[in-house]
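Note sheet for the following structure.
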């Protein structure tokens, strides 16, 4: 199971710009290294990250080799209503990690 860490404020004022930070723990393999017998190790990286806010996509990133083994992604969005932020990381070899966080408008 993938380990993820997400920092989202528990509450915000309507219209406030909030910062969201995410980190996904992932063992990265670039696809350029070789085994002791000379065979290429298959690439294994996180390739996509998507964040939705009450079902509406608010941030998307496409990741490539050499970004980071455990990519830290920070971005901002505007707090418009109470609801759920959903985070999804996908990658090679069927890698999927998800997380949900609640945001309350005060």
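So for segment 47-54 (the condition being in contact (Cβ under 8 Å) with a residue 24 or more places away in the chain, over 13 Å from the mean Cα position of the chain (by Cα) and within 29 Å of residue 105 (Cβ to Cβ)), does at least one residue qualify? The answer is yes, given that some residue of segment 47-54 is in contact (Cβ under 8 Å) with a residue 24 or more places away in the chain, over 13 Å from the mean Cα position of the chain (by Cα) and within 29 Å of residue 105 (Cβ to Cβ). For segment 55-79, what are the residues that are modelled with pLDDT of 90 or more and over 14 Å from the mean Cα position of the chain (by Cα)? 55, 56, 77, 78, 79, listed by residue number. I'd like the full set of residues that are under 19 Å from the mean Cα position of the chain (by Cα) and surrounded by 13 or more Cβ atoms within 10 Å (Cβ to Cβ), limited to segment 1-24. Answer for segment 1-24, where residues must be under 19 Å from the mean Cα position of the chain (by Cα) and surrounded by 13 or more Cβ atoms within 10 Å (Cβ to Cβ): 2, 4, 6, 8, 9, 18, 20, 22, 23, 24. Taken residue by residue, segment 41-64 has at least one member that is buried (at least 17 other Cβ atoms within 10 Å of the Cβ), in a loop (DSSP other than H, G, I, E, B) and touching a strand residue (DSSP E or B) at 6+ places or on another chain (Cβ under 6 Å).
The values are calculated or read from the model by the stated rules, or taken from the named source; none is laboratory data. Not measured: the values here are computed from a predicted model. Heads up, the Cβs are rebuilt from the backbone with ideal geometry, glycines too, and the neighbour counts pull from every protein chain shown.
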